[in-house]
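Colleague: Supplied in structure tokens, the structure appears directly below.
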Amino acid sequence: MAVPLIGITTSELRNPREHVNRPESEPPMRELALGLTYPQAIARAGGVPVVIPPFTSDESIAALLERVDGVCLAGGPDIHPSLYGQEPSDALGPTEPALDGSEIALTRMALDRDLPLLCICRGLQVLNVARGGTLIQDLPGHRQTEPGRLPTHSVRLEAGSRLAETMGTTELEVNSFHHQAIDVLGDRLRPTGWSEDGLIEAIEATDRDFVIGVQWHAEGLLDAVEQHALFDAFTAECARPRRRTRRSRAA
Ligand code: MN
């Protein structure tokens, strides 16, 4: 089986004043930020991670998607609510128009090509908005202060869902670093996991082979064997040879 190339979107764009610059390194500038846990989780599962910057043209996105075998949409800042037809609430966090535009376009184009997608935290929210869904702009109780490797709430998975089959269980303990969540679900998405307070914490595309979104940071929970299984299944799906046929169908 070929080793799959797996794109990972940038988590954040940071300004020079937000970090300490060493005198030996590059001059202060705007930077991409992505937690190392994402590429590490992909590499551990046997994929080659490819970090994706925000793109300004669909042609660049198309060229990238011709060459990668799947995409992981990473966590990050809030999505601007204008993308789902709402006014910003007072509790909206900072937003990044460059990330929003690039990720929504990339998600739609990856869906068109039936590429495997693993969407984490903001990634799940991007998937929902890309398919016409909306978000709760601010909610209490889901932003833990404990480190990311520690789960703080449980999630019930829908028996028989791709996610439950992949993880081999319908009860999970997960971490929680979000203050937003899915409100109205997007087209051809179905909920497959819920927290005790009824929030949707996992979704799947009903019309694609492997498009899974999880609201927790699975890449930070790799002490848990079920979370390994999620990355293993995603990487294995990306490595399947049928992707060639899929691409010619999209062309
Ligand atoms: Mn949560």
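The values are calculated or read from the model by the stated rules, or taken from the named source; none is laboratory data. None of these values were measured; they are calculated from a predicted model. With ideal geometry, Cβ positions are generated from the backbone for all residues, glycine too; neighbour counts draw on all protein chains shown. The protein model used for the area step is the full one, side chains on, heavy atoms only, and it has no ligands, DNA or RNA in it. Shrake-Rupley method; radii C 1.70, N 1.55, O 1.52, S 1.80 Å.
Colleague: Looking at region 126-154, I want the residues that are acidic (Asp, Glu) and have a partner that is open to solvent by 20 Å² or more (accessible area, probe 1.4 Å) with Cβ atoms under 9 Å, at least 6 apart or on another chain. Which pairs are those?
Modeller: Asp138/Ser89; Asp138/Asp90; Asp138/Ala91; Asp138/Leu92; Asp138/Gly93; Asp138/His179; Glu146/Thr152
Colleague: A follow-up question, please. In region 119-135, what residues are within 12 Å of the ligand (Cβ to nearest atom) and farther than 13 Å from Glu204 by Cα?
Modeller: Correct list: Cys121 only.
Colleague: Scan region 42-58 and tell me whether some residue there is farther than 19 Å from Ile6 by Cβ, part of a loop (DSSP other than H, G, I, E, B), at pLDDT below 95 and open to solvent by 20 Å² or more (accessible area, probe 1.4 Å).
Modeller: First pass over region 42-58, keeping only residues farther than 19 Å from Ile6 by Cβ: 56-58.
Remaining after also requiring part of a loop (DSSP other than H, G, I, E, B): 56-57.
Okay, now just the ones that are also at pLDDT below 95, so 56.
If we keep only those that are open to solvent by 20 Å² or more (accessible area, probe 1.4 Å) too, we end up with 56.
Looking through region 42-58, at least one residue is farther than 19 Å from Ile6 by Cβ, part of a loop (DSSP other than H, G, I, E, B), at pLDDT below 95 and open to solvent by 20 Å² or more (accessible area, probe 1.4 Å).
Okay, residues lined up against (1) within 16 Å of the ligand (Cβ to nearest atom); (2) open to solvent by 10 Å² or more (accessible area, probe 1.4 Å); (3) over 18 Å from Gln137 (Cβ atoms):
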position	(1), (2), (3)
Gly193	yes, no, yes
Gly198	yes, yes, no
Val214	yes, no, yes
Ala229	no, yes, yes
Ala236	no, yes, yes
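Colleague: How about region 135-152: which of its residues are in contact with a strand residue (DSSP E or B) (Cβ under 8 Å, 6 or more places away or on another chain) and under 27 Å from Pro116 (Cβ atoms)?
Modeller: Leu135, His142, Gly148, Pro151
Colleague: Hey, any hits in region 7-14 for a residue that's touching a strand residue (DSSP E or B) at 6+ places or on another chain (Cβ under 8 Å), modelled with pLDDT under 95 and open to solvent by 50 Å² or more (accessible area, probe 1.4 Å)?
Modeller: yes
Colleague: Is it the case, given these coordinates, that Asp223 is more than 16 Å from Ile42 (Cα to Cα), assigned to a loop (DSSP other than H, G, I, E, B), away from the ligand (no atom under 16 Å from the Cβ) and more than 16 Å from the chain's Cα centre (by Cα)? First the steps, then the outcome.
Modeller: Numbers: more than 16 Å from Ile42 (Cα to Cα): no; assigned to a loop (DSSP other than H, G, I, E, B): yes; away from the ligand (no atom under 16 Å from the Cβ): yes; more than 16 Å from the chain's Cα centre (by Cα): yes.
Considered against the rule, which asks whether it is more than 16 Å from Ile42 (Cα to Cα), assigned to a loop (DSSP other than H, G, I, E, B), away from the ligand (no atom under 16 Å from the Cβ) and more than 16 Å from the chain's Cα centre (by Cα), Asp223 comes out as no.
Colleague: Would you confirm, using the coordinates I've provided, whether Thr169 is touching a strand residue (DSSP E or B) at 6+ places or on another chain (Cβ under 8 Å) and over 19 Å from Cys72 (Cα atoms)?
Modeller: Numbers: touching a strand residue (DSSP E or B) at 6+ places or on another chain (Cβ under 8 Å): yes; over 19 Å from Cys72 (Cα atoms): yes.
Spelling it out, Thr169 is indeed touching a strand residue (DSSP E or B) at 6+ places or on another chain (Cβ under 8 Å) and over 19 Å from Cys72 (Cα atoms).
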